[in-house]
Amino acid sequence: MIEGSCCCGAVKFELASEPSTMGTCHCSRCRKAGASTIAFVKREDLKWVQGKEHVALYKPAPPYKYNRCFCNICGTSLGEILAEDVSFPIAANALDTKMNLKVQFHEFVCDKPDWYEIYDEIPKSEEHTEHW
């Protein structure tokens, strides 16, 4: 069982299994939302423990399509945790349990800030790629 929560503890959830993959998106939108490192989970694995009512949803204006969720008390980024898709990304920073899963890809590396260096040898892409 993987446990997750927001910074203030109002939102708590569990995952029945480890996320399928984890990666880092370097686009400005993910960086601004505080959710650059994302973990892909299956909707069927997500169980709400408490605080789903404290999850707020930000819907961006077109052409952007990815909704962003966050705790409406402390502001912790939760990725797309309210998504109805079979699999969706959540912010890895919200996961509390130690896992064996490591970052497996970088995307939008062309948008990373100059002050950030990528030192690993994992796959990098200049745009969004499907990972789930």
Taking segment 115-132, which residues are open to solvent by 90 Å² or more (accessible area, probe 1.4 Å) and over 23 Å from TYR66 (Cα atoms)? TRP115, GLU117, TYR119, GLU121
For segment 11-33, which residues satisfy the criterion of being open to solvent by 20 Å² or more (accessible area, probe 1.4 Å) and either among the aromatic types (Phe, Trp, Tyr) or closer than 17 Å to CYS71 by Cβ (or both)? LYS12, GLU14, LYS32, ALA33
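Yes or no: PRO62 out of contact with any Leu (no Cβ under 6 Å at 6 or more places or on another chain) and modelled with pLDDT of 85 or more? Walk me through how you get there before you give the answer.
Numbers: out of contact with any Leu (no Cβ under 6 Å at 6 or more places or on another chain): yes; modelled with pLDDT of 85 or more: no.
Criteria not met by PRO62.
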When every residue in segment 34-81 that is without any contact (Cβ under 8 Å) to a residue 60 or more places away in the chain, among the polar types (S, T, N, Q) and outside any loop (DSSP other than H, G, I, E, B) is compared, the one least open to solvent (accessible area, probe 1.4 Å) is SER77
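Just to be sure, is SER36 out of contact with any Cys (no Cβ under 7 Å at 6 or more places or on another chain) and of a type in the set (Gly, Ala, Ser)?
Numbers: out of contact with any Cys (no Cβ under 7 Å at 6 or more places or on another chain): no; of a type in the set (Gly, Ala, Ser): yes.
Considered against the rule, which asks whether it is out of contact with any Cys (no Cβ under 7 Å at 6 or more places or on another chain) and of a type in the set (Gly, Ala, Ser), SER36 comes out as no.
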Starting from segment 14-27, take each residue that is closer than 8 Å to PHE105 by Cβ and list its partners that are open to solvent by less than 30 Å² (accessible area, probe 1.4 Å) and among the aromatic types (Phe, Trp, Tyr), counting only C-beta distances under 8 angstrom and pairs at least six apart or across chains. THR21/PHE40; THR21/PHE105; GLY23/PHE105; THR24/PHE105
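Within segment 98-114, restricting attention to residues that are acidic (Asp, Glu) and over 16 Å from the mean Cα position of the chain (by Cα), which residue is least open to solvent (accessible area, probe 1.4 Å)? Walk me through it before giving the result.
Residues of segment 98-114 acidic (Asp, Glu): 107, 111, 114.
Filter once more, so that each one left must be over 16 Å from the mean Cα position of the chain (by Cα): 111, 114.
Working: ASP111: 67, ASP114: 141 Å².
So, considering only residues that are acidic (Asp, Glu) and over 16 Å from the mean Cα position of the chain (by Cα), the one least open to solvent (accessible area, probe 1.4 Å) is ASP111.
The values are calculated or read from the model by the stated rules, or taken from the named source; none is laboratory data. This is a predicted model, so every value here is computed, not measured. Backbone-built Cβ (ideal geometry, glycine too); neighbour counts: all protein chains shown. Only protein heavy atoms, including side chains, enter the accessible area calculation; ligands, DNA and RNA are left aside. Shrake-Rupley method; radii C 1.70, N 1.55, O 1.52, S 1.80 Å.
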